[in-house]
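As structure tokens, the structure follows; a few thoughts come after it.
The values are calculated or read from the model by the stated rules, or taken from the named source; none is laboratory data. Model, not experiment: these values are computed from the prediction. Backbone-built Cβ (ideal geometry, glycine too); neighbour counts: all protein chains shown.
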Amino acid sequence: MLFNSFSYLFFLGIAVSIIWLCPQKKRVYLMGMASVLFYSMWRWEFVFLVIFSAIVDFWAAGRIARSNNGLSRKILLGLSLGINLGLLVFFKYTYFLCDNLSLLPGLWGGSPSWDGWKTFHIVLPLGISFYTFQTISYTIDAYRGSGKTTDDFLVFLTYVSFWPQLVAGPILRASEMIPQLEKPGSISLSDAASGIQRVVIGLFKKVVIADNLAGIVDASFSRYFTHFTAIDVWVVAILFGFQIYLDFSGYSDIAIGSARLAGVRIPENFNWPYMALSPREFWQRWHISLSSWIRDYLYLPLTGQQFKARSSGGLGMAVSDETSRRTWALFLTWLMMGLWHGAAWKFAVWGVHHACFVYIFRRLPILQALPERRPILAWLITFLVCMAGWIPFRAESFDQMLAMYAKILNPFLYDLSHRAVYGPHYFRAFLLTVAFIGIHRISRWDFERRFGSYLPEGGRLVVIAIMSAAILIYLKPVEQFIYFQF
Amino acid sequence: MMKTLKARDIAILLGLFLGGGLFALSVHQTADFSPEDAALGPFTVARDAVFEGLPVIFRNGDGMGKAREVFRSRLQERKQLALWLGASHLYSINNYHPGEEIAVYHANKKARERSSPISYLGIGLPNGNLNEFLAIFLHLREAGLLPTWLIIGVVYDDLREPGIRPKVRKLAPGLDLAGGKGLGVGGGNLHGKTDGLERDREKGSAIEDTPQERLEKLVVGELEKGWVTFASRHRLSAFINWKLRTHIFSVGEAFRKMGNPAKRVPPVPLDLKQWNEGALDEILRIAREDEIEVVLYKAPHPQVAGPFYHIRKRYDGFFEQLENRCGSEGIHYLDIETLVPLEYWMFGTAIDPWHFQEKGHRLLAEAIDSAMQNIEEKDKNALQ
């Protein structure tokens, strides 16, 4: 089900009302039912895939937790990983693998022999990358003895399929969710108000700003890029940078708000990422639950470090440690992170782009010291590095990505007189950057100390009223959330 | 559930209700706003025209059933129907005053005054490309409605328009789009320029063919039935986008002055130009097959001092090629780029580069009908 729709608000209203009215102990079952209904509003047949994945990990993790036999624990873990990753690879990477394998004969002078795979029609199940990571973490945590397992399958199924985070995260750990599902707390009116506020903010980001940027970004990346100057490329990269941020953080806001309305608290997924002062810090602020997952289940094991067991902190918090000098782990981790986003080499390039800059910042003392000595310069460099990273992420093809990278690296193309992007788009990019910085500054003010309690709440009322009115005007399920494709 | 409410909670809940009120009030305040007029620019309005009791202009692919009726009725009157296809310049008047009429109306009037059997029927598509004109032409042909004349206004800038808008595509479902597949939605650049004024109406749904789509239709349908204001929200979104474009984002136009204004608009992409030229080939081929006389004209453009809005060389090159082709294939060609003087494009000190005042419409009608008269006379002489 798509969040940016009236049907979702209708669903949310009914689901939350029933959950509130229901006895606390039974609430988890209603949440589970609501989640299955939510998912079936996309394609009901794929509900069985979620349930199958949940059955495999519930069974494997339960057996692992009860077993003392090292070999059988390893076999069970391998089985769980094999099935989960097998499903993910089949649904998400079959085309990619076949496409690349079919090129292999060409390397030895032959011609691609078989392209029958192109006739397969594989539908990518919504949210498979997210719920697969969630179920995998449950089994691995059981193997490590660090996570909480449950004996109640319906609780586990609700953890895997909990509707606010099912299709695009945040990717949650069992230790964060299962206790809340097993012993739900009471829901206060304050929880409800906070939940509503987050849903309103999320919808505003998505339907009012991100969706209105989508048309401009789509047109820029699909057609005119051959005529772009270097500055044009920067402008469209910045526009996309804000579109994807507002789209995905908007989704996360709606997810967090919806969960809060159902009495569940889920951790933050974004923390003003474009205010980071280094690429490493960016990864403490962007898609925090994914980068924390990658940290605990890929990067730290590769570097031999002690894993953490929470979906916060991000990947950036780990890479500055002394033991993380194993450069290959850094590049491999970000390569995998890139490929997780999509089955295309351009996503791998996006990952490697970030790994390169994390590496450069780590190796050059002058850059290491920059956040403290010259914070504005550090911010500017990081901002541009992150925005340039969006070029491969959004490019329609590998060729387009190379052409756009080539433009920003060509000093002779920094020319305003030959620009091909409309002036108002330049202004939009500027306005979004300034607004982002401005809102970040304002969010750090201590309003109560400055203005007392009434004025800030009056301001909140006005902002919520304007946002709600704008949502009523623009809400229409025209644009998917960008991260749904992953 | 705890029943205590803090000031913060009250602000949130009250804000939600006030938002609903603000929405209703805003919709009410914009009751007279026309999104179509806004898309044309701040000084220009779209106009309908009725001649001898029948509409003579159809816009944006709407009302094609009525257009077919008018077509048939004119054929029954034994009139020679001149189908006139063009972009928004066909139906929009800059600096409009009540009682003013568009070019198609004036051309009909001129034809009657000289007792010509020609009857003009205009179909205007905002930012319409040649593939969309082909779709309209094929649609009428499929219905057995063959015009005697086909007049097409060629706007260079619209060669960049990708795809065919769904409304027009539905008119000619069998149309082979060839290179146009995946090129986007017709009028897309119009929507880009106007901040998606009607983009959401043209674009498909992200929940197509899912159970959610049925639920969404049900919920929105019920909301629209029970809350009249809600049904008008599209008008309000268009109004806000228009205001943002003309009052906020127009500041960005200042960037234009920072460079060479000769490249004020992005160049027309080659693949789209070729795709649209292919559509013109197809129109001319069918017209030849059906013995329809074709008149192509280079659409009027304001002659502003200083650099041109496009790369002049490419612009001239395209029309020179078109003129040569018309000459060799016996197609009538009119170069009326400079027909409308600059003052007829102006509203105060502002220039609308695409739409002229009623005086410009009269000049256009005069130019087209005179050309038609010349052709009629030449044909008569040839017969004698």
When you scan the stretch A:409-432, how many residues do you find that are touching a helix residue (DSSP H, G or I) at 6+ places or on another chain (Cβ under 7 Å) and under 17 Å from residue A:217 (Cβ atoms)? 11
Which condition from (1) of a type in the set (A, V, I, L, M, F, W, C); (2) at pLDDT below 85; (3) not assigned by TED's automatic domain parsing to the domain that holds residue A:395 is the one that residue A:181 breaks? (2)
Reported set for the stretch A:57-75 where residues are without any contact (Cβ under 8 Å) to a residue 40 or more places away in the chain and under 29 Å from the mean Cα position of the chain (by Cα) is A:59
Restricting to the stretch B:65-107, give me the number of residues that are touching a strand residue (DSSP E or B) at 6+ places or on another chain (Cβ under 7 Å) and not small (Gly, Ala, Ser). 22
Yes or no: the stretch A:464-476 includes at least one residue that is touching a helix residue (DSSP H, G or I) at 6+ places or on another chain (Cβ under 8 Å), within 26 Å of residue A:4 (Cβ to Cβ), modelled with pLDDT under 85 and facing another protein chain (nearest Cβ under 7 Å). yes
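Which residues, counting only those in the stretch A:217-227, are within 26 Å of residue B:238 (Cα to Cα) and either more than 21 Å from the chain's Cα centre (by Cα) or at the interface with chain B (Cβ under 9 Å from one of its Cβ atoms) (or both)?
A:218, A:219, A:220, A:221, A:222, A:223, A:224
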If we scan the stretch B:1-23, do we find a residue that is within 14 Å of another protein chain (Cβ to nearest Cβ), in contact (Cβ under 8 Å) with a residue 12 or more places away in the chain, surrounded by 17 or more Cβ atoms within 10 Å (Cβ to Cβ) and not acidic (Asp, Glu)? yes
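Here's the yes/no breakdown for (1) surrounded by fewer than 24 Cβ atoms within 10 Å (Cβ to Cβ); (2) more than 30 Å from residue A:425 (Cβ to Cβ):
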| position | (1), (2) |
| --- | --- |
| A:177 | no, yes |
| A:180 | yes, yes |
| A:218 | yes, no |
| A:250 | no, no |
Cross-chain or 6+ apart pairs with Cβ under 6 Å, the stretch A:275-287 first and in contact (Cβ under 8 Å) with a residue 60 or more places away in the chain, then basic (Lys, Arg): A:276/A:285
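Got a number for residues in the stretch B:216-233 being among the aromatic types (Phe, Trp, Tyr) and within 9 Å of another protein chain (Cβ to nearest Cβ)?
Restricting attention to the stretch B:216-233, the residues satisfying the condition of being among the aromatic types (Phe, Trp, Tyr) are B:227, B:230.
Among the residues that remain, those that are also within 9 Å of another protein chain (Cβ to nearest Cβ) are: B:230.
Residues flagged as among the aromatic types (Phe, Trp, Tyr) and within 9 Å of another protein chain (Cβ to nearest Cβ) within the stretch B:216-233 amount to 1.
Could you please find all residues in the stretch A:415-434 being within 12 Å of chain B (Cβ to nearest Cβ) and closer than 25 Å to residue A:350 by Cβ?
To start, the set of residues in the stretch A:415-434 that are within 12 Å of chain B (Cβ to nearest Cβ) comprises A:415-432.
Selection gives A:420, A:421, A:425, A:426, A:428, A:429, A:430, A:432.
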Could you grab the pairs with beta carbons closer than 6 Å, sequence gap of 6+ or different chains, first residue in the stretch A:351-366 and in the same structural domain as residue A:389 (by TED's automatic domain parsing), second one surrounded by 20 or more Cβ atoms within 10 Å (Cβ to Cβ) and of a type in the set (S, T, N, Q)? A:361/A:278
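Among residues belonging to the stretch B:157-180 that are over 17 Å from residue B:283 (Cα atoms) and crowded, with 17+ Cβ neighbours inside 10 Å, point out the one that is modelled with the lowest pLDDT.
Here is the first cut: in the stretch B:157-180, the ones over 17 Å from residue B:283 (Cα atoms) are B:157, B:160-162, B:165-167, B:170.
Now restrict to residues that are crowded, with 17+ Cβ neighbours inside 10 Å: B:157, B:160-162, B:165, B:167.
Numbers: B:157: 86, B:160: 81, B:161: 80, B:162: 73, B:165: 78, B:167: 80.
Within the stretch B:157-180, the match that is modelled with the lowest pLDDT is B:162.
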Of the criteria (1) crowded, with 23+ Cβ neighbours inside 10 Å; (2) among the hydrophobic types (A, V, I, L, M, F, W, C); (3) at pLDDT 85 or above, which one residue A:154 fails: (1)
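Taking into account only those residues within the stretch B:187-215 that are closer than 23 Å to residue B:169 by Cβ and modelled with pLDDT of 80 or more, which is nearest to the other protein chains (Cβ to nearest Cβ)? Before the answer, list the steps.
Residues of the stretch B:187-215 that are closer than 23 Å to residue B:169 by Cβ, as a first pass: B:187-194, B:196-210, B:213.
Still in the list and also modelled with pLDDT of 80 or more: B:210, B:213.
Working: B:210: 5, B:213: 8 Å.
For the stretch B:187-215, the residue satisfying everything is B:210.
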Positions within the stretch B:273-309 being outside any loop (DSSP other than H, G, I, E, B), hydrophobic (A, V, I, L, M, F, W, C) and more than 20 Å from the chain's Cα centre (by Cα), in sequence order: B:284, B:286, B:287, B:294
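Criterion first (at pLDDT 90 or above and part of a helix (DSSP H, G or I)) does residue A:97 satisfy it?
Values: at pLDDT 90 or above: no; part of a helix (DSSP H, G or I): yes.
Judged against the criteria, residue A:97 is not a match.
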Could you count how many residues in the stretch A:133-186 are part of a loop (DSSP other than H, G, I, E, B) and under 22 Å from the mean Cα position of the chain (by Cα)? 8
Working only within the stretch B:122-156, note down all residues that are of a type in the set (Asp, Glu) and surrounded by fewer than 20 Cβ atoms within 10 Å (Cβ to Cβ). B:142
What are the pairs with Cβ atoms under 6 angstrom where one residue, in the stretch A:197-216, is away from chain B (no Cβ under 11 Å) and the other, located anywhere, is crowded, with 21+ Cβ neighbours inside 10 Å and at pLDDT below 90? Sequence gap at least six, or different chains. A:206/A:4
Across the stretch B:97-121, which residue is surrounded by the fewest Cβ atoms within 10 Å (Cβ to Cβ) among those that are within 17 Å of residue B:363 (Cα to Cα) and within 18 Å of the chain's Cα centre (by Cα)? B:101
Please enumerate the residues belonging to the stretch B:335-378 that are assigned to a loop (DSSP other than H, G, I, E, B) and over 11 Å from residue B:300 (Cα atoms). B:348, B:349, B:352, B:357
